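**Student:** Below is the structure I would like to discuss, written out as structure tokens.
The values are calculated or read from the model by the stated rules, or taken from the named source; none is laboratory data. None of the values given here were measured: they were computed from a predicted structure. Cβ placement follows ideal geometry from the backbone for every residue including glycine, while neighbour counts extend to all protein chains displayed.
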Amino acid sequence: MAYVSIADRDHEIEHHDPETFITKYIWSQDHKVIAIQYGGLAILIGLVGMIMSSMFRLQLGFPDTFAFINPENYYQLVTIHGMIMVIYLLTALFLGGFGNYLIPLMCGSRDMVFPFMNMLSVWVYAVSVIILVVSFFVPGGATGAGWTLYPPQAISPGTPGTDWGILLMLISLAVFIVAFTMGGLNYVTTVLQARCKGMTLMRMPLSVWAIFVATILGLLAFPALLVAAIMMMLDRTLETSFFMPAILQAGEVSNYSGGSPVLFQHLFWFFGHPEVYIVALPAFGLVSDILSTHARKNIFGYRMMVWAILAIGGLSFIVWAHHMYVSGMNPYFGFFFATTTLIIAVPTAIKVYNWVLTLWQGNIHLRAPMLFAIGFIFTFTHGGLSGLFLGNVTIDLPLSDTYFVVAHFHMVMGVSPVLVVFGAIYHWYPKMTGRMYNETMAKWHFWLTFLGTYSLYLPMHYVGFLGLPRRYFSMGDTAFMPESAVTLNTSMSISALIIAATQVLFLYNIIVSLKKGEKAGPNPWKATSLEWQTPSPPKHGNWGHSLPEVHRWAYDYSVPGQEEDYIPQTVPATDVPVGRDHGVDH
Amino acid sequence: MYLTLIFLGVIMATVITWLLRQTLNTQPWVSQPADDAVTGVSINTNTKTVALTVFLTVATSIFALFISAYTIRMEEPDWRPVAEPVLLWFNTAVLILASIAYHWTRNAAVSGVQGRLKPGLFVSGALTILFLVGQLVAWQQLNAAGYYVERNVANSFFYLLTAVHGLHMLGGMWVWARSTIRVWSGADADSVRLSIELCTVYWHFLLLVWIVLFGVLLST
């Protein structure tokens, strides 16, 4: 097939240089501005989610001390904290933020293929966040159903927020899904159709691969949440009985009959499990690029890494019922889902091995992004290993709904992706802003966050083993909880507060460095991928007059016999300066 | 969830087969000049067609999930089947005609027959509106016969599935309206061709979805 560059050929892509402040920064159609809008809003709402967690940790660590936390708003805080972190922070930040910023730059396109739809996507996302926040201020407050929103309790009297909170939550989710779909169509189409000349699929950086596959997962999985949300909305408003069984509500027989709460669980987890990988895959991709760049080594097993991403993506759709072992399903189903769950550990382990092997004998520079990336390997391995416990039905049954589960998923899909978020923000900060961040402050940020999360979540596994149930407002006088566990709970809360306070360092660093940071230059890390070959920050349209041409993959670091220890993707084989030997035997 | 899983299996198999063809036997670490053989376009078509294909996959996923939920919920003992109004057969016929009319318009746009665009778009739009009105009348007939939405979950599903299909139809009508306005304000066949072609695909898709939904509703 003869090559025609899409971005040059397609009249569908319009490029108007934005002129006014409003078209440049507010109603912008430039993917870089949209990425920062997405990311900024996600971090903002993420901070709200973090403050919520500090508040309920206060109650858990120091029961009966703080009058402003009662059982009702405790449940609201826990619920909205979960929702915000999983969906409004991580999904939006990885795909809307990093996806938007990196896909066109790393693929060598001028912009997303549908810039207007891209702009709509971020503003519809903003609407979904606003609806979520508003739900705190309506009569009855936000929903306190737990982030899984299980019926019947999610819409039955007695649960906080059954008047308006749950409705606004469901509407907000539906609006978010619309926003995500608009963005997702863009990301997939851009990766498929708008790469520059020479950028074959197997030359794409792993970040792009991972975000691409995560977007496909999202496009296929979010419909399940949409379907569940619509049906629950109807159960709540029109009193249909999709999910609601016949029950007594406040002593009276409700109008519901025969609904299937387990059906909701199926739909929810059919979305919910791929969602774990919608968050984890982009983290895998970004961390691969960070490790390779700062270890000055090509990523170990690139093709294996690509296939592992695809395998994880495919498998993530047939493991969902491992969240439902205690729902009373057929034991043979449990056997099936336990098997698929354990199989998914294989491609995941391949990735972990490959990251470690990338570090092996690398020229490692322990800058802040690299520290976060290595920290991620630790936390992700720990979270993954406790996943092997919970994936087995017999071990899951006693551990289900204890703090062990909370510790597991926070390690694997809370702490790990968030470490990558920080690493990636520090890594691409010079590109996005043209300035360097403060390295010392970033390293303090890393160590306090990394050690802080360990001091928070390691003991949490232990109290989970003891049998402390999650979601309880207070432990009360339970005989099986030793005094030491109560003390541990206090210490975990103190760790949580320290971690929360540490994030001020991060915010201070990225805000103050905007003005005071050193000038970064186009390529401070001497990285190979395309975005580092543009000025920092890149101009509108990314590439000046002509699009880049790609002659190699993104991992040509420390190529033997070459003068420099990196070769950008745009350099043809004939133009590589030959110089000192990098220790290869002849 | 079997139906959804089968659908997903087909999607995954397609994607993975395609990627295998694209990516096996490549040696990414070998540098090669970016000559004309090395392309950055994966599928030899325009971006809008790719985007529509992706969107249709998402829409199929939504309908597959609704049907999966339908078949799971059907197993519960309180299920009382709906007696579908005869009008639905008429509506189905109208939708088939709308699809044919759109295809006829598409042929005109592809072969550049300007004169057939206006009548073609008019007839396809009118038939689609007739279908939507027909669905609303069917709702009223059911309601009048005592099949209230909350009375039994089979009724709820009937209203829900037809509503979701109708909303997709309305979304299509928005694009229809855009190309119709452009044709009426003098756009030539070539400039609206892609828009009409993609609408035709969408209409055929929604016809297919309706036939499946109608089949599911009738058979249960």
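**Student:** Could you tell me whether any residue of region A:74-84 is surrounded by 15 or more Cβ atoms within 10 Å (Cβ to Cβ), farther than 18 Å from residue A:410 by Cβ and over 26 Å from the mean Cα position of the chain (by Cα)?
**Tutor:** Checking region A:74-84: not a single residue is surrounded by 15 or more Cβ atoms within 10 Å (Cβ to Cβ), farther than 18 Å from residue A:410 by Cβ and over 26 Å from the mean Cα position of the chain (by Cα).
**Student:** What number of residues in region A:129-169 are at positive phi, of a type in the set (Gly, Ala, Ser) and buried (at least 19 other Cβ atoms within 10 Å of the Cβ)?
**Tutor:** Number satisfying all stated conditions: 2.
**Student:** When the residues of region A:535-565 are narrowed to those that are modelled with pLDDT of 90 or more and of a type in the set (Ser, Thr, Tyr), which ends up nearest to residue A:196 (Cα to Cα)?
**Tutor:** Here the answer is A:555.
**Student:** Please specify each residue of region B:130-171 satisfying the condition of being among the small types (Gly, Ala, Ser) and in a helix (DSSP H, G or I).
**Tutor:** Answer for region B:130-171, where residues must be among the small types (Gly, Ala, Ser) and in a helix (DSSP H, G or I): B:134, B:138, B:144, B:154, B:156, B:163, B:166, B:171.
**Student:** Still on this model: Could you pull out the residue among A:172, A:241 that is crowded, with 20+ Cβ neighbours inside 10 Å and farther than 26 Å from residue A:93 by Cβ?
**Tutor:** The conditions single out A:241.
**Student:** I've got another one for you. Run residue A:198 past the list (1) in a helix (DSSP H, G or I); (2) at the interface with chain B (Cβ under 10 Å from one of its Cβ atoms) and report the number of the one that doesn't hold.
**Tutor:** Checking residue A:198 against (1) in a helix (DSSP H, G or I); (2) at the interface with chain B (Cβ under 10 Å from one of its Cβ atoms), the one that fails is (1).
**Student:** Something else now. Scanning region B:24-52 for residues that are in a loop (DSSP other than H, G, I, E, B), small (Gly, Ala, Ser) and facing another protein chain (nearest Cβ under 7 Å), which turns out farthest from residue A:333 (Cα to Cα)?
**Tutor:** By that ranking, first place goes to B:34.
**Student:** Taking residue A:371 and the conditions (1) at pLDDT below 95; (2) assigned to a helix (DSSP H, G or I), which numbered condition does it fall short on, given that it satisfies the others?
**Tutor:** (1)
**Student:** Here's a follow-up. Would you mind finding the one in A:190, A:237 that is within 26 Å of the chain's Cα centre (by Cα) and of a type in the set (S, T, N, Q)?
**Tutor:** So the residue among A:190, A:237 that is within 26 Å of the chain's Cα centre (by Cα) and of a type in the set (S, T, N, Q) is A:190.
**Student:** Another question, then. Kindly list, by first and then second residue, each pair from a residue in region A:489-504 that is over 11 Å from residue A:448 (Cα atoms) and at pLDDT 95 or above to a residue that is exposed (fewer than 15 other Cβ atoms within 10 Å of the Cβ) and among the aromatic types (Phe, Trp, Tyr), limited to pairs with Cβ atoms under 8 Å and residues at least 6 apart or on different chains.
**Tutor:** Pairs that qualify, where the first residue is over 11 Å from residue A:448 (Cα atoms) and at pLDDT 95 or above and the partner is exposed (fewer than 15 other Cβ atoms within 10 Å of the Cβ) and among the aromatic types (Phe, Trp, Tyr), are A:493/A:62.
**Student:** What is the residue count in region A:540-575 for residues that are under 19 Å from residue A:103 (Cβ atoms) and in contact (Cβ under 8 Å) with a residue 60 or more places away in the chain?
**Tutor:** Qualifying residue count for the region: 12.
**Student:** Can you tell me which of (1) touching a Phe, Trp or Tyr at 6+ places or on another chain (Cβ under 9 Å); (2) without any contact (Cβ under 8 Å) to a residue 24 or more places away in the chain is the one residue A:137 doesn't meet?
**Tutor:** (1)
Listed here are the residues, each with its yes/no results for (1) in a helix (DSSP H, G or I); (2) within 19 Å of the chain's Cα centre (by Cα); (3) acidic (Asp, Glu).
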{"position": "A:290", "(1), (2), (3)": "yes, yes, no"}
{"position": "A:299", "(1), (2), (3)": "no, no, no"}
{"position": "A:314", "(1), (2), (3)": "yes, yes, no"}
{"position": "A:321", "(1), (2), (3)": "yes, no, no"}
{"position": "A:326", "(1), (2), (3)": "yes, no, no"}
{"position": "A:329", "(1), (2), (3)": "no, no, no"}
{"position": "A:339", "(1), (2), (3)": "yes, no, no"}
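**Student:** Further, regarding this structure: If you check B:17, B:4, which single one turns out to be closer than 30 Å to residue A:183 by Cβ, among the polar types (S, T, N, Q) and within 8 Å of chain A (Cβ to nearest Cβ)?
**Tutor:** Only one candidate qualifies: B:4.
**Student:** Right, next: Just a yes or no: is a residue in region A:480-491 assigned to a loop (DSSP other than H, G, I, E, B), exposed (fewer than 15 other Cβ atoms within 10 Å of the Cβ) and in contact with a helix residue (DSSP H, G or I) (Cβ under 9 Å, 6 or more places away or on another chain)?
**Tutor:** Checked against the condition, which is being assigned to a loop (DSSP other than H, G, I, E, B), exposed (fewer than 15 other Cβ atoms within 10 Å of the Cβ) and in contact with a helix residue (DSSP H, G or I) (Cβ under 9 Å, 6 or more places away or on another chain), region A:480-491 yields at least one hit.
**Student:** Sort through A:380, A:336 and tell me the only one that's surrounded by 14 or more Cβ atoms within 10 Å (Cβ to Cβ), among the aromatic types (Phe, Trp, Tyr) and in contact (Cβ under 8 Å) with a residue 24 or more places away in the chain.
**Tutor:** Result of the check over A:380, A:336: A:380.
**Student:** For residue B:150, state whether it is more than 20 Å from residue B:216 (Cβ to Cβ) and within 14 Å of another protein chain (Cβ to nearest Cβ).
**Tutor:** Judged against the criteria, residue B:150 is a match.
**Student:** Taking region A:15-54 only, how many residues are farther than 21 Å from residue A:172 by Cβ and not β-branched (Val, Ile, Thr)?
**Tutor:** 16
So that you can scan it fast, the table gives a plain yes or no per residue for (1) loosely packed, with under 15 Cβ neighbours inside 10 Å; (2) assigned to a helix (DSSP H, G or I):
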| residue | (1), (2) |
| --- | --- |
| B:22 | yes, yes |
| B:62 | no, yes |
| B:72 | no, yes |
| B:80 | yes, no |
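Residue-wise test of (1) within 18 Å of residue B:86 (Cβ to Cβ); (2) at pLDDT 95 or above.
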residue	(1), (2)
B:129	no, yes
B:134	yes, yes
B:164	no, yes
B:190	no, no
B:199	no, yes
B:207	no, yes
